[in-house]
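Step one of this worksheet: look at the structure below.
The values are calculated or read from the model by the stated rules, or taken from the named source; none is laboratory data. If you're wondering where the values come from, they're calculated on a predicted model, not measured in any experiment. Backbone-built Cβ (ideal geometry, glycine too); neighbour counts: all protein chains shown. Surface areas here come from the heavy atoms of the whole protein model, side chains and all, with no ligands, DNA or RNA. Shrake-Rupley method; radii C 1.70, N 1.55, O 1.52, S 1.80 Å.
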Amino acid sequence: MLEVIICEDNTVQMSNLKNLIENTILREEIDLKVTLCTGDPHEILDYVKKSSVTGIYFLDVDLKSNINGIKLAEKIRDIDSFGFIIFTTTHLEMSYMAFKYKVEAMDYVIKDDDDFKARVNGCLLKAYNTYYKNNNKEEYISINLDDRVINIKPEDILFIETSKSPHKICIHEENRQTELYGNLKDIQEKLPGNFYRCHKSYIVNKDKISEIDKKHNTIIMTNSEECYVSFRYMRGLFS
Amino acid sequence: MIWQNILNGVTRFLVGRPFFVGILYCISIWILFGKSFQLNKIKNPFLIAFVVGIILETGSYLLILPLLIVVTINELKNGENKIKKLVTIFCIYLLMYIGDILIILFTRKDYLYVPYKIQVISISVLYVIVIFICIVIKNAFLNKKYKRKFNSSEIRSKMILIISLPLSVVIMLMAPVVLFMYRNSEEGYLVSIFNIIIPQIIPLIVMILINIIIYNYDKSVENEVKLKREIEEKREIEEYSKIIENMYSETRKFKHDYMNMLVPLKEYIDSENILELKKFFYENILDMDKNVNWNSSNIDKLKYVKVLGFKAMLSTKIISAISKKIDIKVELMEDINGIAMNVMDLCRITGIIMDNAIEASEQCEKPKIFLCIVNKKDYVVMVIQNNYFGDKPVIHKIYKEGFSTKGRDRGIGLSNVKHIVDSYENAFINTSVEGNMFTQELWIKNTFS
């Protein structure tokens, strides 16, 4: 069940935001409720810990309490890893990217801006749609080792290779390369069947193979990147 | 028969003593450093000791210096534990030399080839003496705790002491021994001098002096490089301070004008002249800051970077971007204290990626660069994002050495970055392209050692 939780210590702004959201909920007829609206971050943390909900959080960056909005967001992210965090602020200059990387924040809205209303609505609807597109979640595999959570769509992966450094693997997609700790064996268990271990250092996505060069033992992928296939595994590739 | 004789001669006279001296050396190492010494590492020192011993045993003036130089260079080439190997060579020298002196002292004779019995006796005596000294040293130092770290000048003086002490002892002993033999030897003493002293001592002295010279030269080169880098860093920090001061004075100007503008407002409010108030406000106050040269780059956010060399590099690149009219935003909101990577490597990587970002975004009409550094759980993450114009970069190609979209003889930057990141077990680099933004993330895991 998706819930909306607001943390804002200025009462005027808080009721403003609450009304805005409730109006949107009514107007768009979506299944949401503002379950908690407070200026005390500890209250929010207790609530989230107790009820283990997935929430859409509107957090004020400058809270006058001893935890500021960012620390609060970090703690919330520890408990609720699927929630949507949106920061509200009056500052003109926002560290959007820093928030995105630190707590996977979805977006931020500037309180005194003209399009404050439009942005809040936009964020709300986007979070709602993302949550209820269940098939979207299944498309992603979540790799959660070592405190880094990486979400990748298996259908985007071209191949995975081990890096020169020990314990490191690199996932190659069409538009992205991601390095992380791991070994090929563990990763292969999380992947669907179309991934084939074609070499000691490579797992390849058979759907993304463009051609196979048997003479040089290489596989050419759809983006013309090359990876090796070892003699042992060559036959299994064709099955 | 001849073969047998030769074999006999070789084993007895040439190989016997070096072999035992080598074993003695290994035993003394084991006594002195027993705990931290693995048995399988004994092979190397023993081998060196054995070879050096044989060379010295030949007693040939022409052979010793060149052979020893060859052995020394060969061992030093392999790089590891240079000092340990040098120490090995010098110790063997010393041991053989003492052994020889013992023989001369006790037999009062001059031998071209020392007979078997005398060899055995001399070696056993050598063993006893050396092992005794080692045990004494070990017990003497067992109680003291040498835990404090020596700085480089202390190390240098210690090294010079360690090398010069045996050297001086050896030179000191030369004269009395010669004199002693002159008086007491049954046969000519000249043989001993030419057999033992000159072939062994002169090469030893030469080698030690050469090593000291090389060591000092190395150190001076290292110091020069360090000095140059520190001067660079200082210059970069100065430029950074200049920009910050400019920003501050712009802010002060604005504040000053701002205060001046509020005073007439008070007049209008007191006289309740809303119309004039409105006019005044919309004409003067609302756009008051349009003439102020705001620097919206947040370069002052670099105050959160506590790693000094890194901060200097970042500020240089940001300033360079600002001067090229690139809209660069620095996003930092918490202290970045320690980064588990060598500062030089970190600066090199940052420099290369920033240069690329600047060059790429310049091609756009509205160049934009985002630079963000955050602490995320155990990681320090640095993200550099820039927009680009033209063809989408092909990620696997850009890291290949020699690949460049900017002409020939270029393209080593990103391959260097990859090389450096690969050499660290705790560093990762992620690259992605989305829309017309090109993003590179550097994740460095904190290693608690």
- Enter the accessible area of residue B:323 (Å², nearest 10), with the probe set to 1.4 Å and all protein chains included. 80
- Query: Once all Cα-Cα distances of region B:308-449 are split into 5 Å bins that start at 0, what whole-number percent is in each one?
  - Reply: 2, 9, 20, 23, 22, 15, 7, 2, 0, 0
- Those trypsin sites (Lys or Arg not before Pro) from region A:38-69 that are DSSP loop and have at most 11 other Cβ neighbours within 10 Å turn out to be A:64
- Item | Under-5 Å amide H pairs with residue A:199, H placed in peptide plane, nonlocal only | A:230
- Item | Accessible area (Å², per residue) of chain A, counting only protein heavy atoms and a probe of 1.4 Å | 52
- region B:224-291: GluC sites (Glu not before Pro) in DSSP loop, at most 14 other beta carbons within 10 Å: B:272
- Note on the structure: The ³J(HN,Hα) series, computed from each phi in region A:164-173 with the Karplus coefficients 6.51, -1.76 and 1.60 at θ = phi - 60°, rounded to the nearest Hz and given as x for glycine or proline, is 5, 7, x, 6, 9, 10, 10, 9, 9, 10
- What Kirkwood hydrodynamic radius, in Å, does region A:1-107 give when the mean of 1/r is taken over all pairs of distinct Cα atoms and then inverted? 13.9
- Message: Report the B-A buried area as the accessible area lost on both sides summed, probe 1.4 Å, in Å² to the nearest 100.
- Response: 3100
- Message: Using a 1.4 Å probe on the protein heavy atoms only, what accessible surface does residue B:419 show? Give it in Å² to the nearest 10.
- Response: 130
- Query: Two-decimal Rg/Rh of region B:243-391 from alpha-carbon positions, Kirkwood Rh?
  - Reply: 1.15
- Query: Along region B:316-332, what does the Karplus equation 6.51 cos²θ - 1.76 cosθ + 1.60 (θ = phi - 60°) give for ³J(HN,Hα), rounded to whole Hz, x for Gly and Pro?
  - Reply: 4, 5, 5, 4, 4, 5, 4, 5, 8, 6, 8, 7, 10, 10, 9, 10, 9
- Note on the structure: Rg/Rh over Cα atoms for region B:356-431, Kirkwood Rh, comes to 1.00
- For residue A:119 the rounded accessible area (nearest 10 Å², probe 1.4 Å, non-protein molecules ignored) is 80
- Query: When the solvent-accessible surface of protein heavy atoms is calculated with a 1.4 angstrom probe, in what order do A:208, B:368 fall, highest first?
  - Reply: B:368, A:208
- Pairs from A:75/B:445; B:303/B:376; A:200/B:400; B:317/B:400; B:253/B:279; B:306/B:366 whose Cα-Cα separation, in the structure shown, is over 27 Å: B:306/B:366
- Message: Order B:229, B:348 by their accessible area, 1.4 angstrom probe, all chains in place, largest first.
- Response: B:348, B:229
- Report the residue, chosen from A:166, A:154, A:41, that carries the largest GNM mean-square fluctuation when chain A is represented by alpha-carbon nodes joined by springs under 10 Å. A:166
- Amide H partners (placed H, <5 Å) of residue B:331, local residues excluded: B:371, B:372, B:373
- Short version: what are the Cα gyration tensor semi-axes of region A:70-110, square root of 5 times each eigenvalue, largest first, in whole Å? 18, 9, 9
- Query: For region A:171-231, what is the Kirkwood hydrodynamic radius in Å, using each pair of distinct C-alpha atoms?
  - Reply: 12.2
- Message: Suppose we compare each residue of region A:161-202 in its chain alone and in the full protein complex with a 1.4 Å probe; which ones drop by at least 50 Å² of accessible area?
- Response: A:168, A:175, A:177, A:179, A:181
- Rg followed by Dmax, in Å, when chain A is reduced to its Cα trace: 22.6, 73
- Note on the structure: Taking Cα atoms only, helix A:116-132 is inclined relative to the longest principal axis of chain A by an angle, in degrees rounded to 10, of 50
